[in-house]
Protein chains: 2
Amino acid sequence: MNDWLAHRARATPDATALVWAETGDEWTYAALDDAVDDLAGRLAGLGIGPDDHLGMLLSTRVEAVRVVHAAMRLGATLVPLNTRLTPRELDDQVELADVTAVVCGEATEQLAVEATDAAESVPLVSLDEPQWEHVEPLSAASSEPFDRADWADDDRLLLLFTSGTTGDPKAVTLTYGNIYSSAVASAFRLGILPEDRWLVPLSLYHMGGLAPLYRSTLYGSTVVLRGEFEPGPTADDVDSYDVTGVSLVPTMLKRMLDSRGTLADSLRFVLLGGAPAPDSLVERCRDYHVPVCPTYGMTETASQISTARTQEAVEQLGTVGQPLFGTDVTVVDEDGEPVDQGELGEFVVSGPTVTPGYYHNPEATEAAFSQLGLHTGDVGYRDEAGRLYVRNRKDDRIITGGENVDPGEVVAVLREHPGIEDAAVVGLPDEEWGEKVAALVVARDDELTAEEVEEHCRERLAGYKLPRLVDFTDELPRTASGTVERAAVREILTAPDRVDVADAEETAAGDASPKAAGETDERESRDETASRDGDDDAL
Amino acid sequence: MNDWLAHRARATPDATALVWAETGDEWTYAALDDAVDDLAGRLAGLGIGPDDHLGMLLSTRVEAVRVVHAAMRLGATLVPLNTRLTPRELDDQVELADVTAVVCGEATEQLAVEATDAAESVPLVSLDEPQWEHVEPLSAASSEPFDRADWADDDRLLLLFTSGTTGDPKAVTLTYGNIYSSAVASAFRLGILPEDRWLVPLSLYHMGGLAPLYRSTLYGSTVVLRGEFEPGPTADDVDSYDVTGVSLVPTMLKRMLDSRGTLADSLRFVLLGGAPAPDSLVERCRDYHVPVCPTYGMTETASQISTARTQEAVEQLGTVGQPLFGTDVTVVDEDGEPVDQGELGEFVVSGPTVTPGYYHNPEATEAAFSQLGLHTGDVGYRDEAGRLYVRNRKDDRIITGGENVDPGEVVAVLREHPGIEDAAVVGLPDEEWGEKVAALVVARDDELTAEEVEEHCRERLAGYKLPRLVDFTDELPRTASGTVERAAVREILTAPDRVDVADAEETAAGDASPKAAGETDERESRDETASRDGDDDAL
C-alpha cells in the first residue's frame, strides 16, 4: 500500500478533505494530494527520506496537515512535538526520538531554535520566512523526485510522546497497523458516513488531534480544522460547517456549552475523552440532546480503548462503554490475576491498536507489558454488560485539562531550587480542569515564597505542569518505610485551616474559602493554549 | 485475533445480530455467539477442525449463519456449495476443493448424498433428521472442547466457486485479510451506522449473500435474512424491519419495484450488482428516490471493486463509480499496456481484497495475474473523475440473473449428445435476466428437436445454465482460422426471419416476433430459485 492520502485521492478525488474554519477555505482530496506531493518533493530536496525522524513543531494550521501526509508519503517517521513544552523539555524529546530534522513555522521557530540549540546537527526547516540564518525556508528548497513509500502493517508511522509515570517522557511507537486498526474500530463504534465532517479543535501533537486526520483520510470524509480553541466560535463552527462529529476534552465541552447553551443538531457524536467526563456534564448533554460519547484511551493504544454510545452514557453514568471491536480489556488484581465483574482492578489492554512498545526504551516496555497485554495503570471495573468504568490511576499521574502530568517530574524540578529541601506534588480536584497540580514544599528557610517557586518552575516546565497551588510544610507526611503519603499531602493542601504563607492580599480579601498561596489567576491566558490541548490521547 | 463473532460478542453483546424475516425472530450477538459455540463444539465432536474443508450445502436459513461462524471459530476452511447445481457439478466441486465434510439439511440432503456418491469418504452431517443412514445428525453429535482458531491475514477463510472462463469451475481462495479489507472498504464507501440493518435476500453460497454476514459482524450491525426471494414480501421487509441497506441483483430490484412501486425510505443504500444495472432501472430509482448504488465486483476480489454513490449513479448513467479505497484498477490494452482515460481496455485489479489465486490451480492463477494484478476479463473505460464504466467481457461469459455461465461448459454438454455434431452458445439480451443463454446447434440429422436438446441439458446443468433458446443451423459461422464468430451466431439467433425448427404451435400462433424453438416459458419456476441467486460475486 501507498500512503492513505494517495489511495483516497484516487478513490474520491472530488470529495472535500479539509476545511480551515478560520477562513472557510476548502481543499478536495485531489488538491490536498497535489499539495502534499509538492511538500514531499521539497522535503526530499532537503534530503529527507524513509530513514528520517521528522519532528513537527507547529501550531495548528493547514500546512501541518500536509506535513503529516508528506511524512507518510516519504516513509519518514513523524515525531509530533508539543509546542507548549519548554526548550529544555523539547531538547530531551528531540534527542530521545532521534529526530533528524524539524519542521517549524513562524510561531514556533524561536522555540525550535532554542530546543535544538544543544543538538546543532538537527536541521530546521520553516514553512514561513525564517528569522534565523540556519533555519532553511521550505519555499527555497528545490523539489526532488522521491519514491512513494510502501510499508507493512508493522512498520513505524509515528513516535508520539507521553508523559509516562516515571518522570521521563517516553516516545510511543505507533505503527501503520495501530493507526489503521484504531480508525476502523472507531468507525465500527461511532459509525461513519461519506458526508461526515469531523471538527478538530485539538492540537495535532496529541493523538486526539492527529487521529482524525488519518481517520478522515481513510474514511473519505472531511476534517474541519480550527487553529485556536475559543468556546463560542468553536461551538459556532459546528453549525456553520454542518459538523457531524467532534473530539473534545471535558473542559472544552463544558465551556462550549457555557458559551452557547447547546450545540447544533448536525452532530452525530461528541467524542469526549482525555480526562474523565464529570457526571454533571454528561447529564447536561442528555438534557440538551448533545450526543456525547465518553471514551477512554491513551497514546499507547492509538486512542480509543472503549467508547460509550450516547444512550448508554446517559443511562449508565460514569461508563466509558465497551471496548472497541478487536480490543480486549482484562481487569486484574495486584498479582496480575483477572478479577470478577464489578471488582476493581487495573485495566490491561491487548489488540491491534496497542503499541509494540516505547522507542529505545526496553525497560519501560518490559515494565508496561505482561502476557495479558499493556498495563494501563488505570484502575476501574467492568459491569455485567462488559462496560468499563474508570475509577483512578494506579500511579500518581495527574490529568489536567486533558494533559498528563507526572508528579515526579515536577518534584524533580522543585528539588533543583536551592531553597527547597523536599517537595511532594499531587493532583487536586478542579471543576474546570478535572485536576490541578498542587505542590507541598519543605523550604530550607522561611524566605522562600510561592511566587519564587512558581518562577523557578515556569522556566523549566510547560505551563500545564506548573503547580497552581504551592503550600509549605516543615515535613512531608511519610509512611514508616519512608514513602510520601499522598492522601495526607492532599489533606494538608485542602485543609480549610491551612496557613497560607503568601499572597496576604488575597487572603486578606476575606474569602471564606481562602485562595491558597500561589493559586494565581491565570485562567484566561491558560485557556487559550491549555484547553485546546486537551484530549491528549484518548479520542 | 479470534473469530470476528467472538470479538463482536464482547464489543456489543446486546446488539441485534440477526433477524429471520420469515418469523421476525431475533438473536443478539451474545445469543448468536452461544449458538455458534454449541455448533462448533458439535462439529469438533465429529472430528472437524482447522485442517478441514467444510462444505456447506444449505438453503438460506438461520443455521447457515451459524455454520459460517462456526467454521471460522474452528479455523476450518468454509466451502459454500451452490444448491442449484446438479449432483454431477457438485461432485466435481467437492473433489476440486478437497472437501472433507459437508453440512446439509433436510432440503439439501438428497442432493448432498447424490453429489458425494462417488466420493463416499466425505462424511455428511445434517442439521435436521437425516433420511439416509450414512448421514450424521448434528443433534446426535457430542460436543467436544476445541481451540478457538487464531489466524493471520493471509490465512485461508473460504474457498468459493466461480464458473470461470474456461468451462471448469475454479475455487477462489479468499483469506481473512481479503474479506476484512473488503468489509472495511465497503464501509468507507457506503458508510455504516451502529443501527444499520442489512437485508440479505441473496444466497449464502455466493459472495453477495455471504459478505454481509461477515461485514455485519465486524460492524456490529444487524442482518435481516430472508429464505425465499419474493418481490413483494422482500420489498415489505425493508419497511417492516427498518432496513437501511440491501444487496440485490438488477432482476430482483426490478421485480420489487414492479411489485411495490418504490421501497421504504429507511433505506440508505441499495447495493446493486452481479450484472450491469440497466439505465432504465437506475432512472426509475432516481424518480422514486431509491438510493441505488451500482457496483462492480467479482468473487476473486471478495465482492466490490468499485461502487457508485447514488448521486453519481443517477447523474452519470452507466457508471459503477470509483474503485474502493485501497483497490487500484488499471485499464489495459491487448498488450497489457495502460490506456488513456476514456479508452476501452480490460480492467486489471490490485489491492488487499484480491484473492491470492485459485485453489490447486496454478495454471489458472498464472493466466489470471500479471504484474499489474488480476485480469478481470471485463472491458470498459474510466472517465475524467476516475469512475469506471463496464462495457463487455473479453471472454464470452454470460451473466444471467446475476449468475455466471461459461458458454464452453454448455457447449461441452451439448456435444455429449449423440445427435449433436457441433454447437455454439452465446448470451442474448434479456430484459428480465440481463442476458439469457442461447444455443445454435448443428444436428446430425433432422430428427433432433429443441425439446430433446433441453432435456439432455437439464440432466447435466444447473437450471440457470440451460439454453432458453435453441436453434439449428447447417454450419456454424467461423473465421478463416476456424474460430466461431460469436457476433454472427448472435445475428442468426436474433434474426426475425430465422426458421424455427420446432414448436410449430407457438409460431403458428402468429406472433409477429415469433418465439424461438425451445424458448420455454419457465419464468415462474425459474424465478423462485434463480433470481434469489443473483448477485453472485459483486456485492
- Task: State whether one or more residues within the stretch A:304-327 are touching a Phe, Trp or Tyr at 6+ places or on another chain (Cβ under 8 Å), within 24 Å of A:Asn178 (Cβ to Cβ) and part of a loop (DSSP other than H, G, I, E, B).
- Result: yes
- Within the stretch A:366-378, can you find the residues that are outside any loop (DSSP other than H, G, I, E, B) and open to solvent by 30 Å² or more (accessible area, probe 1.4 Å)? A:Glu366, A:Ala367, A:Phe369, A:Ser370, A:His375
- Filter result (open to solvent by less than 20 Å² (accessible area, probe 1.4 Å) and over 13 Å from A:Val441 (Cα atoms)) within the stretch A:458-480: A:Leu461, A:Ala462, A:Tyr464, A:Lys465, A:Leu466
- Would it be correct to say that A:Asn404 is under 23 Å from A:Arg255 (Cα atoms) and polar (S, T, N, Q)? yes
- Task: Please specify each residue of the stretch B:227-251 satisfying the condition of being in contact with a Ser or Thr (Cβ under 8 Å, 6 or more places away or on another chain) and part of a helix (DSSP H, G or I).
- Result: B:Pro231, B:Gly232, B:Ala235, B:Val238, B:Asp239, B:Thr251
- Message: Which of the numbered conditions does B:Glu106 fail, given that it passes all the others? Conditions: (1) open to solvent by 60 Å² or more (accessible area, probe 1.4 Å); (2) in a loop (DSSP other than H, G, I, E, B); (3) touching a Leu at 6+ places or on another chain (Cβ under 9 Å); (4) modelled with pLDDT under 95.
- Response: (4)
- Task: May I ask you to list pairs of residues, at least six apart or on different chains, whose Cβ atoms are under 7 Å apart, with the first in the stretch B:2-15 being within 7 Å of chain A (Cβ to nearest Cβ) and the second being among the β-branched types (Val, Ile, Thr) and surrounded by 20 or more Cβ atoms within 10 Å (Cβ to Cβ)?
- Result: B:Arg8/B:Thr217
- Task: Report whether or not B:Glu195 is closer than 23 Å to B:Leu58 by Cβ and surrounded by fewer than 24 Cβ atoms within 10 Å (Cβ to Cβ).
- Result: no
- Note on the structure: Those residues of the stretch A:27-60 that are in contact (Cβ under 8 Å) with a residue 24 or more places away in the chain and in a strand (DSSP E or B) come to a total of 5
- Query: Looking at (1) open to solvent by 60 Å² or more (accessible area, probe 1.4 Å); (2) touching a Phe, Trp or Tyr at 6+ places or on another chain (Cβ under 7 Å), which is the one condition that is false for B:Arg286?
  - Reply: (2)
- Query: Only one of A:Ala277, A:Ala235 is open to solvent by 10 Å² or more (accessible area, probe 1.4 Å), under 22 Å from the mean Cα position of the chain (by Cα) and either within 14 Å of another protein chain (Cβ to nearest Cβ) or of a type in the set (A, V, I, L, M) (or both); which?
  - Reply: A:Ala277
- Can you tell me which residues in the stretch A:176-220 are assigned to a loop (DSSP other than H, G, I, E, B) and either more than 17 Å from A:Val65 (Cα to Cα) or at the interface with chain B (Cβ under 9 Å from one of its Cβ atoms) (or both)? A:Gly191, A:Leu193, A:Pro194, A:Glu195, A:Asp196, A:Gly220
- Kindly provide the set of residues from the stretch A:368-390 that are at pLDDT below 95, among the aliphatic types (A, V, I, L, M) and out of contact with any helix residue (DSSP H, G or I) (no Cβ under 9 Å at 6 or more places or on another chain), ordered by number. A:Val379, A:Val390
- Message: Looking at the stretch B:333-362 only, could you name the residues that are within 26 Å of the chain's Cα centre (by Cα), outside any loop (DSSP other than H, G, I, E, B) and not acidic (Asp, Glu)?
- Response: B:Gly345, B:Phe347, B:Val348, B:Val349, B:Ser350, B:Gly357, B:Tyr358, B:Pro362
- Message: For the stretch B:410-417, check the following and say yes or no: at least one residue is among the charged types (D, E, K, R) and more than 20 Å from B:Thr307 (Cβ to Cβ).
- Response: yes
- Checklist (1) more than 30 Å from B:Gly321 (Cβ to Cβ); (2) open to solvent by 20 Å² or more (accessible area, probe 1.4 Å) applied to A:Arg66, failing item: (1)
- Output the number of the condition that B:Ala385 fails; it satisfies all remaining conditions of (1) within 14 Å of another protein chain (Cβ to nearest Cβ); (2) buried (at least 23 other Cβ atoms within 10 Å of the Cβ); (3) of a type in the set (A, V, I, L, M). (2)
- Restricting the stretch A:17-34 to residues that are surrounded by fewer than 20 Cβ atoms within 10 Å (Cβ to Cβ) and under 27 Å from the mean Cα position of the chain (by Cα), the one farthest from the other protein chains (Cβ to nearest Cβ) turns out to be A:Glu22
- Query: If B:Val135 passes every condition in (1) open to solvent by 10 Å² or more (accessible area, probe 1.4 Å); (2) in the same structural domain as B:Asp3 (by TED's automatic domain parsing) but one, which one does it miss?
  - Reply: (1)
- Query: Name the residues in the stretch B:319-330 that are open to solvent by less than 10 Å² (accessible area, probe 1.4 Å) and within 20 Å of B:Glu431 (Cα to Cα), would you?
  - Reply: B:Thr319
- Item | Residues that are more than 13 Å from every other protein chain (Cβ to nearest Cβ) and surrounded by fewer than 19 Cβ atoms within 10 Å (Cβ to Cβ), drawn from the stretch B:340-356 | B:Asp340, B:Gly342, B:Glu343, B:Leu344, B:Pro356
- Looking at B:Ala424, B:Ala487, B:Ala412, which is the one that is away from chain A (no Cβ under 14 Å) and part of a strand (DSSP E or B)? B:Ala424
- Scan the stretch B:112-129 for residues that are open to solvent by 10 Å² or more (accessible area, probe 1.4 Å) and modelled with pLDDT of 95 or more and report the count. 3
- Query: So how many residues does the stretch B:293-318 have that are crowded, with 24+ Cβ neighbours inside 10 Å, more than 27 Å from B:Thr173 (Cβ to Cβ) and within 14 Å of chain A (Cβ to nearest Cβ)?
  - Reply: 3
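The values are calculated or read from the model by the stated rules, or taken from the named source; none is laboratory data. Quantities reported herein were computed from a predicted structural model and do not represent experimental measurements. Positions of Cβ are backbone-derived with ideal geometry, glycine not excepted, and every protein chain shown enters the neighbour counts. The protein model used for the area step is the full one, side chains on, heavy atoms only, and it has no ligands, DNA or RNA in it. Shrake-Rupley method; radii C 1.70, N 1.55, O 1.52, S 1.80 Å.
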